[in-house]
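Asks: First the structure, which I've put down as structure tokens, then a few questions once you've had a look.
Only the coordinates and a few stated rules stand behind these numbers; no lab work does. Remember, predicted model here, so these are calculated numbers, not experimental data. Cβ sites come from the backbone with ideal geometry, for glycine too, and all protein chains shown count toward neighbours.
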Amino acid sequence: MRILTAVLRTIRNSRRLATGLLILGLMVLLALCSPLIAKAVGGGEDPLEVAVYEKWLVPGPGHLLGTDQFGRDVFAMVVKALSVSLQIGAIAGVISTVAGVIVAFVAGYKGGWIDNVLSTFTGILLVIPTFPLLIALSAYAKNVSLFQVGVMISIFSWPFAAKTIRSQVLSLRSRPFVDLARVTKARDIEIIVTELLPNLLPFIGVGFASSALGAIFGLVGLEVIGLGPGGVIDLGQIIYSAISTGALTLGAWPMFVVPIVLLTLLFAALNMINIGLEEVYNPRLRGVAGE
């Protein structure tokens with residue numbers, strides 16, 4: 001209940017945060033409704049099956065965004081692709097955030113040689129160019145599932161969250177309320193969960209949003225060069241199909257434009273969430289933003 005109250009108070013204190021959450025919420029709702037939308041568009045047929053409709057139909061009442069080179073409805077494809085992209089972001093965001101939080105709390109709270117070892121390891125991963133490694137992994141890993149792609153991407157995205165949260169743990173562990181908890185013989189895990197964690201939720205949120213955004217655009221990058229997972233339709237795969245088939249020259253502009261617009265909205269929403277959280281919990285930034 002205390003955490004929920006803190007979250008609601010944070011949202012009320014930032015228009016950017018509220019706007020970003022609203023846009024993200026609408027996109028998640030659209031993604032969740034993708035089976036219903038596909039059923040409504042298909043009218044008893046699966047609009048994502050090959051050769052259901054004519055190829056390269058232009059946008060119209062029957063097909064709001066037209067059809068692709070295989071006769072699939074582009075609107076149903078885009079909604080399904082948005083769902084897949086958000087799933088990748090959620091999988092990679094959760095895994096990388098959990099890993100980052102564990103490393104950050106262990107390093108920041110314990111300190112000493114443990115902090116030195118974990119901080120050095122985190123720093124090494126931060127300077128490694130991740131996209132070339134993802135390309136290599138995708139090129140050699142055959143028939144990977146959506147979850148496996150999310151795990152691969154999260155391997156390289158957790159250090160940012162760990163570095164951000166660790167610095168805050170170092171600041172909070174010497175505060176009077178933490179010293180008071182130690183005096184009352186509270187265990188380390190109790191201090192972390194009840195005293196430190198509630199104060200670090202905004203920074204955890206920033207880490208999750210950044211990791212999720214990086215995962216989504218990382219998958220788009222892999223798809224655009226033709227190295228994405230097989231058997232799934234995400235926004236990057238639609239962009240790749242549009243480029244490789246010359247869809248723009250054939251009048252099928254929605255195949256290229258609509259995924260770009262959705263990715264732009266997603267980028268804007270997650271960045272507004274990040275900026276909104278920093279405005280609320282960083283007084284200096286709030287003062288600059290209010291000018």
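Asks: Which lysines does K80 reach when only Cα atoms under 21 Å apart count, and residues fewer than 8 places away in its own chain are ignored?
Replies: Of all the lysines, those that pass the test against K80 - Cα under 21 Å, at least 8 places apart if same chain - are K39, K55.
Asks: Let me ask another. One quarter of the convex hull surface, Cα atoms only: what value does that give for the stretch 25-107 in nm²?
Replies: Numbers: hull surface 27.0 nm².
Mean orientational projected area (the stretch 25-107, Cα hull): 6.7 nm².
Asks: Continuing with this model, one more query. Membrane-span-like helices in the chain: DSSP H runs reaching 18 Å or more (Cα, own axis), mean Kyte hydropathy at least -1.0? If you can, show how the numbers build up before the last one.
Replies: Values: long enough: 15-32 (25 Å, 1.89); 74-110 (53 Å, 1.79); 112-127 (23 Å, 1.29); 158-172 (21 Å, 0.40); 197-224 (40 Å, 1.59); 254-281 (40 Å, 1.66).
Length and hydropathy pass: 15-32, 74-110, 112-127, 158-172, 197-224, 254-281.
Asks: For the stretch 238-269 and the stretch 212-231, compute the distance between their C-alpha centroids and round to whole Å.
Replies: Spelled out, the Cα-based centre of one part sits 14 Å from the other.
Asks: Would you mind checking the radius of gyration and Dmax of the stretch 218-279 based on alpha-carbon positions, in Å?
Replies: 14.0, 46
Asks: Could you order the peptides 231-240, 162-171 from most to least packed, using the average number of other C-beta atoms within 10 Å per residue? Spell out each step's value before the answer.
Replies: Values: 231-240: 22.4, 162-171: 19.6.
The densest-packed peptide leads the list: 231-240, 162-171.
Asks: Viscosity 1.567 mPa s, temperature 4 °C: what is the translational diffusion coefficient of the stretch 161-291 from Stokes-Einstein with a Kirkwood Rh over Cα pairs, rounded to a whole number of µm²/s? Write down the numbers at each step before the final one.
Replies: On the way: Rh = 18.1 Å.
After rounding, the answer is 72 µm²/s.
Asks: For every other residue with a beta carbon closer than 13 angstrom to the beta carbon of A247, add +1 if it is Lys or Arg and -1 if Asp or Glu, then tell me the sum. Provide the component values of the computation, followed by the final result.
Replies: On the way: positive: K55, R72; negative: D68.
In short, +1.
Asks: May I have the extent of the alpha carbons of the stretch 118-183 along their three principal axes, as whole Å values ordered from largest to smallest?
Replies: Principal-axis extents of the Cα atoms in the stretch 118-183, largest first: 55, 24, 13 Å.
Asks: Now a separate question. May I ask for the equivalent-ellipsoid semi-axes of the stretch 106-231, computed as the square root of five times each C-alpha gyration tensor eigenvalue and listed largest first in whole Å? Before the final figure, lay out each step's value.
Replies: On the way: eigenvalues 266, 42, 26 Å².
Listed largest to smallest, the semi-axes of the stretch 106-231 are 36, 15, 11 Å.
Asks: Here is a follow-up. Cut-off under 28 Å on the C-alpha distance; same-chain residues fewer than 8 positions from K163 excluded. Which lysines are left, in chain and number order?
Replies: Cα-Cα hits under 28 Å: K110.
Asks: How are the alpha carbon pair distances in the stretch 66-129 distributed across 10 Å bins from zero to the largest one, expressed in percent?
Replies: Each 10 Å bin holds this share of Cα pairs: 18, 27, 20, 15, 12, 6, 0.
Asks: If you don't mind, another one. Just the ratio, please: alpha-carbon radius of gyration of the chain over 2.2 N^0.38 Å, N its number of residues.
Replies: Working: Rg = 22.2 Å, N = 291, 2.2 N^0.38 = 19.0 Å.
Cα Rg divided by the expected 2.2 N^0.38 Å: 1.17.
Asks: Another question about this same structure. Given the convex hull of the Cα atoms of the stretch 148-211, what is a quarter of its surface area in nm²?
Replies: On the way: hull surface 19.3 nm².
That works out to 4.8 nm².
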